[in-house]
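Participant: The following block contains the structure, expressed as structure tokens.
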Amino acid sequence: MSKDVMRFLALLTLAASAALGQRPPVILIDGYHLTCSSENLTSDHDFGDLQPRLQAEGVQVAFFGTCSVLGSPSIEALGNSLGVAIRNLNAPTVDVVSHSMGGLIVRSYLSGKQPIFGVFMPPADTRVRKWVSIATPNFGALIPSPIADFLPDIQSRELVPGNQFLFDLATWNQNHDDLRGVDTVGIIGNAGGFGPLAGSNDGTVAVTSASMSFALPDERTRVLPYCHGAGNLTSILGLGCDAPPLARIQNDNPLSWQIVDSFLSGTDAWKTIGHPPSKDKFLSQYGGVLSQPRDNTDKPTGPIGDQNFVSNPPMPGGYAVVINKTGPQIALITPSAARLPVLSLAPRMLISIYGNNLAGSTVTVDGQPLALNYSSEHQINALLPETVSALAKLTVRNDRGSQTVNIFIEDVVPAVFTRDGSGTGPAAVIRTGNFVSLFLTGLGKSGMPPRVTLNGAAVPVTYAGPAPSFQGLDQINIELPSGTATGTVVVFAGKHASNAVTLPPG
């Protein structure tokens, strides 16, 4: 272990509170500092009273200070250090509150992004339960691209819009970002900007870049009338923001604390604070676009393009990544049974590949051909092999070209089939009295038996495993309480829950 990491862990231990309550520990992660001083080694510089307020509620708090790791390492290296910090807390799960660049450190950790170009090593278990992302420059800060070569360190260069690091982070899984199912809310500010641009940024980051809409539903981004922060980067950019800082919790910015406190403690009050992108002056009509041109074999043919504000964008309210290519184009890969909140897949799973120009294709995973059950211009159904694991490369190829994307494989990711194939509504079952056979895919290789609930209450599982006569199809037999007519069924296996389906009456 490096001296920098050992020094950080010592500071982490000193910063932790003595008592561990029922709630998971919280790690506070600060942002970029052009110069580091002793005040950057404690949380109060960036987070104000947040640490003592959480400790007053009996929550253990630790501080991950970016200045605690010497040498201004890359954000990827800081993500690896965050992983070490999480594991060394020896807690089953943690909650995370990040500010500014700290949010990119969290995303780098969740994806396992490494400093080597194109290499990702996602942790099998992130251990992160909840994440509050405050003013994260998800697609860069308001730093002009022409000055990138003159910036003082790799951290600041990785904050320039349109750089390779940000593009890779946004496309690491199926050409999308994937927050790995972590329960997340984003807090962003819109008190920056002059004249007609008032409300377009927080003084450092455009609202489109800070929005979490690239990965989360509209309500998961809360817009507040605050500024980015009081750091030196904000002072240098100076984009006309004089409201209170978002993350420095004190009496003049009560809305930030109310969201953090509500979200981490599990109440719904945060949903009524501030407004979502759909109600915002700029985010309701504009979106950012990160784009890259490629040829029909998926090789880049030009630089990465970045636009903060585009009218009629692919996705209003945040950023969209657009890959401009001819030939096969993969838009999304899901379990054939249903689309789930995560992008994870499982060995021996039936999958559906959606996109364009897919007819007549072969599909391989790490060079291994897949058996296909259906193929058209916009959809391919295939069977993943039992041997696939971790982060694999899936390639679709036909006489018009090819495209390759990463897919992330976990041991088990249950998805239940429904009668109409939509993944919602009545489940595809066989029912005999109080005994029901559910059909699903994604039980994979886990040796742990799944748990099934009916209206939130566990029901006995009498069998779980492959269904007879059809590869990739799984079956779970359950016994219902006497007299049960219908209800909502969910399968829990490994770290994941299936889509919620309705038990049809017998």
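The values are calculated or read from the model by the stated rules, or taken from the named source; none is laboratory data. Remember, it's a predicted structure, so these values are computed and weren't measured experimentally. Every residue, glycine among them, receives a Cβ derived from its backbone with ideal geometry; neighbour counts consider all protein chains shown. Remember, those area values only see protein heavy atoms, side chains included, never the ligands or the DNA or RNA. Shrake-Rupley method; radii C 1.70, N 1.55, O 1.52, S 1.80 Å.
Participant: Checking the conditions here, which among G186, G193, G238, G162 is of a type outside the set (A, V, I, L, M, F, W, C), at pLDDT below 95 and in contact with a Ser or Thr (Cβ under 8 Å, 6 or more places away or on another chain)?
Facilitator: G193
Participant: Also, quick follow-up: Considering only residues that are among the β-branched types (V, I, T) and either assigned to a loop (DSSP other than H, G, I, E, B) or surrounded by fewer than 18 Cβ atoms within 10 Å (Cβ to Cβ) (or both), which ones fall in the range 243-268? Walk me through it before giving the result.
Facilitator: Going residue by residue through the range 243-268, those that are among the β-branched types (V, I, T) are 249, 259-260, 267.
Of everything in the range 243-268, just one residue is among the β-branched types (V, I, T) and either assigned to a loop (DSSP other than H, G, I, E, B) or surrounded by fewer than 18 Cβ atoms within 10 Å (Cβ to Cβ) (or both), namely T267.
Participant: Continuing with this model, one more query. Kindly indicate the residue of the range 269-279 that is in a helix (DSSP H, G or I) and either of a type outside the set (S, T, N, Q) or in contact with a strand residue (DSSP E or B) (Cβ under 6 Å, 6 or more places away or on another chain) (or both) and also surrounded by the most Cβ atoms within 10 Å (Cβ to Cβ) among those meeting that condition.
Facilitator: Applying the filter and picking the extreme gives P277.
Participant: Based on this model, can you work out whether D411 counts as acidic (D, E), within 30 Å of S111 (Cα to Cα) and in contact with a Leu (Cβ under 8 Å, 6 or more places away or on another chain)?
Facilitator: Values: acidic (D, E): yes; within 30 Å of S111 (Cα to Cα): yes; in contact with a Leu (Cβ under 8 Å, 6 or more places away or on another chain): no.
Spelling it out, it is not the case that D411 is acidic (D, E), within 30 Å of S111 (Cα to Cα) and in contact with a Leu (Cβ under 8 Å, 6 or more places away or on another chain).
Condition check ((1) out of contact with any strand residue (DSSP E or B) (no Cβ under 7 Å at 6 or more places or on another chain); (2) among the charged types (D, E, K, R)) across all residues:
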{"position": "R248", "(1), (2)": "no, yes"}
{"position": "P254", "(1), (2)": "yes, no"}
{"position": "Q258", "(1), (2)": "yes, no"}
{"position": "L264", "(1), (2)": "no, no"}
{"position": "T267", "(1), (2)": "yes, no"}
{"position": "K281", "(1), (2)": "yes, yes"}
{"position": "Q285", "(1), (2)": "no, no"}
{"position": "G288", "(1), (2)": "no, no"}
{"position": "Q292", "(1), (2)": "no, no"}
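Participant: Taking the range 93-111, which residues are in contact with a Lys or Arg (Cβ under 7 Å, 6 or more places away or on another chain) and open to solvent by 10 Å² or more (accessible area, probe 1.4 Å)? Walk me through how you get there before you give the answer.
Facilitator: So in the range 93-111, the residues in contact with a Lys or Arg (Cβ under 7 Å, 6 or more places away or on another chain) come out as 93-95, 110.
T93 - this is the single residue of the range 93-111 that is in contact with a Lys or Arg (Cβ under 7 Å, 6 or more places away or on another chain) and open to solvent by 10 Å² or more (accessible area, probe 1.4 Å).
Participant: Quick one: would you say T66 is of a type in the set (S, T, Y) and surrounded by fewer than 24 Cβ atoms within 10 Å (Cβ to Cβ)?
Facilitator: For T66, the condition - of a type in the set (S, T, Y) and surrounded by fewer than 24 Cβ atoms within 10 Å (Cβ to Cβ) - is not met.
Participant: Determine the pairs where a residue that is at positive phi and polar (S, T, N, Q), located within the range 110-134, has a partner that is part of a loop (DSSP other than H, G, I, E, B) and open to solvent by 10 Å² or more (accessible area, probe 1.4 Å) with Cβ atoms under 9 Å apart, the partner being 6 or more residues away or on another chain.
Facilitator: none
Participant: Any idea how many residues of the range 428-456 are of a type in the set (S, T, Y), part of a strand (DSSP E or B) and at pLDDT below 95?
Facilitator: Of the residues in the range 428-456, the ones of a type in the set (S, T, Y) are 432, 437, 441, 446, 453.
Those still in the list that are part of a strand (DSSP E or B) too: 432, 437, 441, 453.
If we keep only those that are at pLDDT below 95 too, we end up with 432.
Total meeting the criteria: 1.
Participant: Now, a different point. In the range 381-427, which residues are open to solvent by 30 Å² or more (accessible area, probe 1.4 Å) and assigned to a loop (DSSP other than H, G, I, E, B)?
Facilitator: E386, T387, S389, D399, R400, D411, F417, R419, D420, G421, S422, T424
Participant: I've got another one for you. Checking P335 against (1) under 27 Å from the mean Cα position of the chain (by Cα); (2) without any contact (Cβ under 8 Å) to a residue 12 or more places away in the chain, only one condition comes out false. Which one?
Facilitator: The single condition P335 does not satisfy is (2).
Participant: I need the full set of residues from the range 474-488 which are surrounded by 17 or more Cβ atoms within 10 Å (Cβ to Cβ) and outside any strand (DSSP E or B), in order please.
Facilitator: L480 - this is the single residue of the range 474-488 that is surrounded by 17 or more Cβ atoms within 10 Å (Cβ to Cβ) and outside any strand (DSSP E or B).
Participant: Could you please find all residues in the range 184-206 being in contact (Cβ under 8 Å) with a residue 60 or more places away in the chain and open to solvent by 30 Å² or more (accessible area, probe 1.4 Å)?
Facilitator: N190
Participant: Say whether the condition of being at positive phi and open to solvent by less than 20 Å² (accessible area, probe 1.4 Å) is met by at least one residue in the range 34-47.
Facilitator: Of the range 34-47, the ones at positive phi are none.
For the range 34-47, residues at positive phi and open to solvent by less than 20 Å² (accessible area, probe 1.4 Å): absent.
Participant: Restricting attention to the range 112-127, does a residue exist that is over 15 Å from P24 (Cβ atoms), among the polar types (S, T, N, Q) and open to solvent by 10 Å² or more (accessible area, probe 1.4 Å)?
Facilitator: Within the range 112-127, one or more residues are over 15 Å from P24 (Cβ atoms), among the polar types (S, T, N, Q) and open to solvent by 10 Å² or more (accessible area, probe 1.4 Å).
Participant: Another one. Just name the residue that is farthest from V491 (Cα to Cα) out of those in the range 328-380 that are of a type in the set (D, E, K, R) and surrounded by fewer than 19 Cβ atoms within 10 Å (Cβ to Cβ).
Facilitator: Residues of the range 328-380 that are of a type in the set (D, E, K, R), as a first pass: 339, 348, 366, 377.
From what's left, surrounded by fewer than 19 Cβ atoms within 10 Å (Cβ to Cβ): 339, 366, 377.
Working: R339: 14, D366: 30, E377: 32 Å.
Per the criteria, the residue is E377.
Participant: Okay, next question. Determine, yes or no, whether V459 is crowded, with 18+ Cβ neighbours inside 10 Å, modelled with pLDDT of 95 or more, under 12 Å from I476 (Cβ atoms) and out of contact with any Asp or Glu (no Cβ under 7 Å at 6 or more places or on another chain). Talk me through it step by step, then tell me what you get.
Facilitator: On the way: crowded, with 18+ Cβ neighbours inside 10 Å: yes; modelled with pLDDT of 95 or more: yes; under 12 Å from I476 (Cβ atoms): yes; out of contact with any Asp or Glu (no Cβ under 7 Å at 6 or more places or on another chain): no.
Judged against the criteria, V459 is not a match.
Participant: Also, I was wondering about something else. I'd like to check something: does the range 138-159 contain any residue that is more than 16 Å from F214 (Cα to Cα), open to solvent by 40 Å² or more (accessible area, probe 1.4 Å) and aromatic (F, W, Y)?
Facilitator: There is at least one residue in the range 138-159 that is more than 16 Å from F214 (Cα to Cα), open to solvent by 40 Å² or more (accessible area, probe 1.4 Å) and aromatic (F, W, Y).
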